[in-house]
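The numbers here are math on the coordinates, done by the rules we state, and not lab data. Every value quoted in this text rests on a predicted model; they were computed, and no experiment measured them. Counting neighbours? That spans all protein chains shown, and the Cβs are built from the backbone with ideal geometry, glycine included.
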Amino acid sequence: MRVLVTGAAGFIGSHTVDALLNRGNEVVAIDNFNDYYDPARKRANVAHLAGHPRFHLVEADVRDADAMAQFFDQPGARVNKFDAVAHLAAMANVRYSIGRAPLYYDVNVRGTLNLLELAVKHQVGNFVFASTSSIYGHTKQLPFIETDPCNRPLAPYPATKKACEVLGYTYHNLHGLNFTAVRFFSVYGPRGRPDMMPYMVTDRIARGETITLFEAGRMQRDWTYVGDIVAGVLAALDRPLGYEIVNLGRGEPVWMDAFVQLVEELVGKRALLHTPSAPPSEPIVTFANIDKAKRLLGYNPTVPVAEGMHRLWEWYQAEISRQ
């Protein structure tokens, strides 16, 4: 199988590329290496793949329709040049999206639209789209289930992801495109982005810096190890399902104060805490119902939070603390 992976040098993208290559797939990887966080971190994520015979990395932006078309329109290319697309590229982070709605719309919606157009034109067999648990907002339905309308996103980031899910249905309805939106729940692990809570908590405890912990940690997140998320993405790539939306989480929310205590034990230091009220962009809990993922994808998350954070801490010590 030949797979196009966007956002391939990022946190989840680089792990997805590794998993595809490890099972024998061919990967064309796209990343624009933007400066939302240090591009050197992203380049380090894929440096070990230099010279791999089944890996081709291109620096390009999904917003550039002409550049994206070049991956599909090369002379002599077979009609179904890519068997599947894993569209992981996006501007992420709920709070950072506030006040930056045009940027998030441009990257997340227009970039996705460019790829949907090309996927239909070139008869791509399956399109897997990275969505987010943030799309559920302040829903009262626990655990979060895919039948929830999700029509009240709390910030531009989840609003753009909802827009893309709707676009995916349109392209399925009109053109028969297989489109699966996988909603990621609080992903963490080695190579984690520096703006994500697990990395920030680890880094700031290690450095003796203050952590902002909303509501004194009386909020819950459904932490899901990156390897489990990637297993779900690959399963979705392997299974053309028509049109589906599927939660990828662990289904076991963790109190944030308990999460910080876990990291304190790993690092061997106490956290310095600032505990303001949560902003309106932050839900009190995220909690995935993963029954559909189990049924359709054979999804079975196996890494508990304590083990996953141990792996993140080992990576941090090896790759970050020595810098």
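Of all the residues in segment 115-163, those that are within 26 Å of ASP64 (Cα to Cα) and either over 19 Å from the mean Cα position of the chain (by Cα) or among the basic types (Lys, Arg) (or both) number 11.
Filtering segment 181-228 to residues that are over 12 Å from the mean Cα position of the chain (by Cα) and among the hydroxyl-bearing types (Ser, Thr, Tyr) leaves TYR199, THR202, THR210, THR212. If you go through segment 250-280 and pick out every residue that is of a type outside the set (A, V, I, L, M) and either crowded, with 19+ Cβ neighbours inside 10 Å or at positive phi (or both), you end up with 5.
Identify, from the list ARG183, ARG193, the residue that is closer than 23 Å to ALA318 by Cβ and touching a residue at least 60 places away in the same chain (Cβ under 8 Å).
Working: ARG183 fails: closer than 23 Å to ALA318 by Cβ.
Only one candidate qualifies: ARG193.
Determine whether segment 276-285 contains at least one residue that is outside any loop (DSSP other than H, G, I, E, B) and in contact with a strand residue (DSSP E or B) (Cβ under 8 Å, 6 or more places away or on another chain). Yes - at least one qualifying residue is present in segment 276-285.
Does segment 166-180 contain any residue that is part of a helix (DSSP H, G or I), in contact with a His (Cβ under 9 Å, 6 or more places away or on another chain) and either more than 24 Å from ALA231 (Cβ to Cβ) or of a type in the set (Gly, Ala, Ser) (or both)? Within segment 166-180, none of the residues are part of a helix (DSSP H, G or I), in contact with a His (Cβ under 9 Å, 6 or more places away or on another chain) and either more than 24 Å from ALA231 (Cβ to Cβ) or of a type in the set (Gly, Ala, Ser) (or both).
Residue pairs whose Cβ atoms lie under 8 Å apart, sitting 6 or more positions apart in sequence or on different chains, and linking a residue in segment 6-27 that is without any contact (Cβ under 8 Å) to a residue 60 or more places away in the chain to a partner that is crowded, with 24+ Cβ neighbours inside 10 Å and part of a loop (DSSP other than H, G, I, E, B), are VAL17/ALA8; VAL27/ALA8.
Under the condition of being touching a His at 6+ places or on another chain (Cβ under 9 Å) and either surrounded by 20 or more Cβ atoms within 10 Å (Cβ to Cβ) or aromatic (Phe, Trp, Tyr) (or both), which residue from segment 212-232 is farthest from ALA278 (Cα to Cα)? Give the steps one after another, and end with the answer.
Keep residues of segment 212-232 that are touching a His at 6+ places or on another chain (Cβ under 9 Å), which gives 212-213, 226-227, 229-230.
With either surrounded by 20 or more Cβ atoms within 10 Å (Cβ to Cβ) or aromatic (Phe, Trp, Tyr) (or both) added as a condition, the list becomes 213, 226, 229-230.
Details: LEU213: 9, VAL226: 26, ILE229: 27, VAL230: 30 Å.
Checking each candidate, the answer is VAL230.
Counting just the residues of segment 45-67 that are touching a residue at least 40 places away in the same chain (Cβ under 8 Å) and not in a loop (DSSP other than H, G, I, E, B), which one comes out farthest from THR16 (Cα to Cα)? Result: ALA65.
Among THR180, THR160, THR170, THR210, which is of a type in the set (Ser, Thr, Tyr) and in contact with a Ser or Thr (Cβ under 9 Å, 6 or more places away or on another chain)?
THR160
VAL107 - would you say it is crowded, with 23+ Cβ neighbours inside 10 Å and either within 20 Å of THR6 (Cα to Cα) or not aliphatic (A, V, I, L, M) (or both)? No.
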